[in-house]
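Notes for the one structure printed next.
The values are calculated or read from the model by the stated rules, or taken from the named source; none is laboratory data. Not measured: the values here are computed from a predicted model. Quick reminder, even Gly has a Cβ in these numbers, built from the backbone with ideal geometry, and neighbours come from all protein chains shown.
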Amino acid sequence: MSQLADAAPGEAAANELERLSRELLAALAPARDDERYTAPESGSWSAIEVLAHAVEFVPYWAEQAAGVSARDDGGDRPFGRTHDDPARIAAVREHTKDRYEALALRLDEVVRSSTTTLRAIPREGWTRTAVHARRGSMSVEQIVRQFLLDHLTEHTAQAAAAVARNDQPAEGDVTKVFHCGELKEGCAEVIRGSSTEDVVAQAKRHAEKEHGHTEHPADKVAQVIARIRDE
């Protein structure tokens, strides 16, 4: 069982969803429009497409989880969708040119409604199960963890990386700077680089050498990117 099985699973899940949505917006807020709207390479999503996707899938999976939690049928009925579902793709394509500010407000709205949905799931509902077309039998806890929370963590890293790859240095461009103390209390290290990617790479090496962090989770990398500034 994960931490969602603690005293208040709905509250824990809702709090984590709120935190993850803030991290996604924090990764995109400092970026320029050309960084947000440009796909870093052919076949990949731009940061704004990732945000549009989040606006669609967050309420979808929260409602799917709530629906399964209300069942009392032995857990053998299907739920959800697969990666190639037309509605999933259409939501990204329809909003690929929406203003960042509008999508950010929309994400706030759907997160508020989705956290209400999660908090309303009764304790017994978190262990109820249904069958996914590709992943088989899953409990509500697993649905929320894999399709909602881990999914949003992965896409936050994807959006942050898309912005970073578009942030290539040009002649006369400003230096990028990150103050480690903003995330690690008491650390006075100041990291400078020619691009966001350069600073992130240096920050990872610093974290390994000085703070003993041998792994770099996507949500932590997104927090670093959100705090990189022009000098």
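A few notes on this one:
- No other residue among Lys184, Lys209 is in contact (Cβ under 8 Å) with a residue 12 or more places away in the chain, of a type outside the set (Ser, Thr, Tyr) and either surrounded by fewer than 20 Cβ atoms within 10 Å (Cβ to Cβ) or part of a strand (DSSP E or B) (or both) apart from Lys184.
- Enumerated helices (runs of 4 or more DSSP H) restricted to the stretch 1-84, each holding at least 2 residues that are closer than 25 Å to Arg135 by Cβ and not aliphatic (A, V, I, L, M): 9-28, 47-69
- Just one of the listed residues (Val58, Val110, Val50, Val68) is over 18 Å from the mean Cα position of the chain (by Cα), at pLDDT 90 or above and aliphatic (A, V, I, L, M), namely Val68.
- Boolean, Tyr60 is under 17 Å from Ala159 (Cα atoms) and assigned by TED's automatic domain parsing to the domain that holds Leu28: no
- Scan of the stretch 63-80 for residues that are free of Cβ contacts under 8 Å to residues at least 12 places away in the same chain and within 27 Å of Gln158 (Cβ to Cβ), ordered by number: none
- Total residues in the stretch 19-32, condition surrounded by 15 or more Cβ atoms within 10 Å (Cβ to Cβ) and within 17 Å of Ala62 (Cα to Cα): 2
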